There are 2 protein chains.
Amino acid sequence: MSKPTLALLSVEDCWRLVPDAGVGRIAVSRDREAPIVVPVNYVVDDRTIVFRTGAGTKLSLLHDRPISFQVDDFDPLHRTGWSVLIRGVAVVDERVCDPDAAPVPWSGGVGRRTVVRLWPSSVSGRRLEAPEHEWDPRGYL
Amino acid sequence: MSKPTLALLSVEDCWRLVPDAGVGRIAVSRDREAPIVVPVNYVVDDRTIVFRTGAGTKLSLLHDRPISFQVDDFDPLHRTGWSVLIRGVAVVDERVCDPDAAPVPWSGGVGRRTVVRLWPSSVSGRRLEAPEHEWDPRGYL
């Protein structure tokens, strides 16, 4: 049986794959250090990524700085899946606290009223695809 | 019902949570640009993270540079889960092609013979925990 193959995704395909809401990851560079990567729950709003954080936290200090958003979904059984990376600039609005304007964070108790919006400058993705007509489910049982 | 609470994890807890093998994400800073974040399948080897990439690819050019590894697992139903971030330095060995020395990449056809090992300089993690004695499964159905 052949291995899955890696295919680049079009920008349109990337946006189709990214769920409207869920858990993704925000990555931030710190000068010459290794990036910080933290999960966030997010929503997609008119091709921007919106999430919340607490005032004064690392993510709230990102206004006008480059950040990345990554989300993926893999099937370990069939070794297929996809990954999308959205890179761009963060716009932070400390004043926003309209509950309808951003996803409610899963964690409580830290007053995550700061809304961060990622305006994309590049969108890219890859998909691990199963070779057509070569699946034999019995091989995985 | 209370929301899940966010707890910091000890280094020992982080290593206990990171599966011995699976899919994680490698993040790399590029000067002042937004980080690149790509999924990799990896193995844990004596508290280092080992993965493969193709010679000449972006990840193979990381020798002696800072990179991050992130892995998480969330339960969207109960809104609980954990995330671990391992930051450190990449050591690339273009010569290694012993199939037993590193995980076999899921994707075929690109000759991923280059082994990259992340030597951790910091390990951190967070867990979203359910408040004890407050679960009411009926609330989620």
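Of note:
- Scanning segment B:61-89 for residues that are closer than 15 Å to B:TRP119 by Cα and not hydrophobic (A, V, I, L, M, F, W, C) yields B:HIS63, B:ASP64, B:ARG65, B:PRO66, B:SER68, B:GLN70, B:ARG87, B:GLY88.
- Residues of segment B:14-73 that are more than 12 Å from every other protein chain (Cβ to nearest Cβ), assigned to a strand (DSSP E or B) and open to solvent by 30 Å² or more (accessible area, probe 1.4 Å): B:VAL43, B:VAL44, B:ASP45, B:ARG52.
- Among residues that are surrounded by 14 or more Cβ atoms within 10 Å (Cβ to Cβ), in a strand (DSSP E or B), touching a His at 6+ places or on another chain (Cβ under 8 Å) and at pLDDT 90 or above, A:ALA90 is included.
The values are calculated or read from the model by the stated rules, or taken from the named source; none is laboratory data. Small disclaimer: the values here were computed from a predicted structure and weren't measured. We place every Cβ from the backbone using ideal geometry, glycine too, and count neighbours over all the protein chains shown. Just the protein is used for accessible areas: all its heavy atoms, side chains included, with ligands, DNA and RNA removed. Shrake-Rupley method; radii C 1.70, N 1.55, O 1.52, S 1.80 Å.
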